[in-house]
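For reference, the structure discussed in these notes is given below.
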Amino acid sequence: MELLIVTNGFKGTWPAIEYGAWLGKILNLRVTLLGATEKLNPAQIDDHHPLEEVFSRAVGLFQQNGLEYSLEVQNGDAEEIIPRKAATGDYITVIGPLGRPQIRRWLAGRSIHHLIEQVKGPIFYVPETRLPLQSALICLGGLGYEVTTEHLAVRVASLAQARVTLLHVIPPMDLDYPSARDIHKGSGHLADTDTLPGRALRQGLEMAQAAGLNVTMKVREGIIVEEILAEIKAGNYDLVCMGSPFSTHALRQMYAPNVAAEVADAIHSPILIARHEREA
């Protein structure tokens, strides 16, 4: 596995480069810094390309951290280049805001939404650096989407000796069926129940404890995105970790909300989003 750090020269991508250098150091991973050469304003043609300064600073940072690295530049929009490059290897992709104008976000959607859909490997989206890593929130949905995220998050938290909180949100019960009733009845001791989220919480607790981490469990009830954002605000976490709805190819992802994308839109902390590919 390697790290793929991406910049288009926008200053908002620098936190991702800093975070990627830190990840590369603690995970002992080789780094590829990918620069997207996008269309410039005609007035900028005779000026230095914004990638030049960013690459120069990044190389100094990589050398300072003793990282093995390579540099690559491709022409085109970052939203098209990143998935194409990520598909060529076993990459963890690290990306920050690309500085898109508001009108483009309205018309084409936010870049992070597109990347969650197109990039199959784990993504760290980093609007702010938030280092040192002292606390991490791992959101467990109970459907198994979060397994890959959970393993990577526990590994990073263990190396950083960060506190970990496991969170499950019980949504409003729209339909009265037995498993939903069991979850709501057991909300006060969910980890002790033989329900999908109960088993997910127990497995997450065992994994974090086996890694020697200080771990707590929390259960909230309400609208999922609202409750996750409320917990992030209350806990002031340095890293938020979530599974991806694209872990499944079921029809559910066509109509269910993309919780990870909505949370990424709303917070400034780094967020880890990863698919879990179930074995055949």
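Derivation of every value follows stated rules applied to the coordinates shown; laboratory data play no part. For clarity, every value in this text was computed on a predicted model and none was experimentally measured. With ideal geometry, Cβ positions are generated from the backbone for all residues, glycine too; neighbour counts draw on all protein chains shown.
Beyond 25 Å between alpha-carbons counts as too far, so tell me which of Lys39/Lys85; Lys11/Lys39; Lys25/Lys85; Lys25/Lys218; Lys85/Lys233 fall in that bin. Violating the 25 Å limit, Cα to Cα: Lys25/Lys218; Lys85/Lys233. Near the amide H of Thr193, within less than 5 Å, lie no amide hydrogens of residues on another chain or at least 5 residues away, with H placed in the peptide plane. As a proxy for reagent exposure, Ser111, Ser70 were ordered by neighbouring Cβ count within 10 angstrom, fewest first; the result is Ser70, Ser111. Counting only other residues whose beta carbon sits under 11 Å from that of Ala234, what net charge do I get with K and R as +1, D and E as -1? In short, +1. Here r is the Cβ-Cβ distance between Ser56 and Asn214 and R0 is 35 Å; the resulting FRET efficiency, rounded to 0.05, is 0.35.
This ranking places Val240, Val169, Val94 by how few other beta-carbon atoms lie within 10 Å of each, fewest first, which gives Val169, Val240, Val94. Extending 7 Å from the Cα toward the beta-carbon at both Gln203 and Ala266 defines two label points whose distance is 2.6 nm. Taking the Cβ of Asn214 as the centre, find all other residues whose Cβ is under 15 Å away and add up their charges (Lys, Arg: +1; Asp, Glu: -1). Overall, the nearby charge balance is 0.
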